[in-house]
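The values are calculated or read from the model by the stated rules, or taken from the named source; none is laboratory data. All values derive from a computational prediction rather than experimental measurement. Positions of Cβ are backbone-derived with ideal geometry, glycine not excepted, and every protein chain shown enters the neighbour counts.
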Amino acid sequence: MLRLVLALLAALASSVPASAAERLSGEAIERAFRGNTVSGRYTNGGFFTEYHDPNGQALGHNGWQANTDACWITKPDRICYYYGPQSDRTVHCFSVEMSGDLYVLRNSGNGMVNALAKIEPGNPRGHTDNGTPWYCDGLISRGTEPPMSRKLARR
């Protein structure tokens, strides 16, 4: 499986024309990710798996550590994640393309392929907040583009 993913990443990053994948709108990303688990590999080989709770929490593992305060939100043309308290927050935004049953996440800033992922319906891996819920404060939604309409996570 890893070899297949790495081969696909190499093909998408270099030789496959951009038209081979369908770029999704924010609404389409929301429909695909909301209430489902997105699991895949980064171009550097690291594995991630995150359940996109409808309340805005991103539960699971971001590839470097277990999520303890991660949130997700869609914008008109991308999905954004933020991790950490306001004082130390990191934000990562991606455009999303669909190629067959694979989702290609590209960094919004430079357009480089960041990861390939598949969607697992629901929360089959049982991702949880481990009894310590967090609040998605909506800081990311205060940007110049309005978020898609949905409530963010509340305690």
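For the stretch 90-106, state whether one or more residues are among the polar types (S, T, N, Q), surrounded by fewer than 13 Cβ atoms within 10 Å (Cβ to Cβ) and in contact with a strand residue (DSSP E or B) (Cβ under 6 Å, 6 or more places away or on another chain).
yes
Quick check: anything in the stretch 1-17 over 17 Å from A115 (Cα atoms), of a type outside the set (V, I, T), modelled with pLDDT under 90 and in a helix (DSSP H, G or I)?
No, that holds for no residue.
Please go through the stretch 45-97 and pick out each residue that is touching a residue at least 12 places away in the same chain (Cβ under 8 Å), charged (D, E, K, R) and over 18 Å from I119 (Cβ atoms).
Hits for the stretch 45-97 are D69, K75, D77, R89.
For the stretch 22-112, list the strands (runs of 3 or more DSSP E) that sit wholly inside it and hold at least 1 residues that are β-branched (V, I, T); which are they?
37-42, 47-52, 71-75, 78-83, 90-99, 102-107
One residue is enough: does the stretch 21-37 have a residue meeting the conditions at pLDDT below 90, under 16 Å from R106 (Cα atoms) and either surrounded by 14 or more Cβ atoms within 10 Å (Cβ to Cβ) or touching an Asp or Glu at 6+ places or on another chain (Cβ under 7 Å) (or both)?
Within the stretch 21-37, one or more residues are at pLDDT below 90, under 16 Å from R106 (Cα atoms) and either surrounded by 14 or more Cβ atoms within 10 Å (Cβ to Cβ) or touching an Asp or Glu at 6+ places or on another chain (Cβ under 7 Å) (or both).
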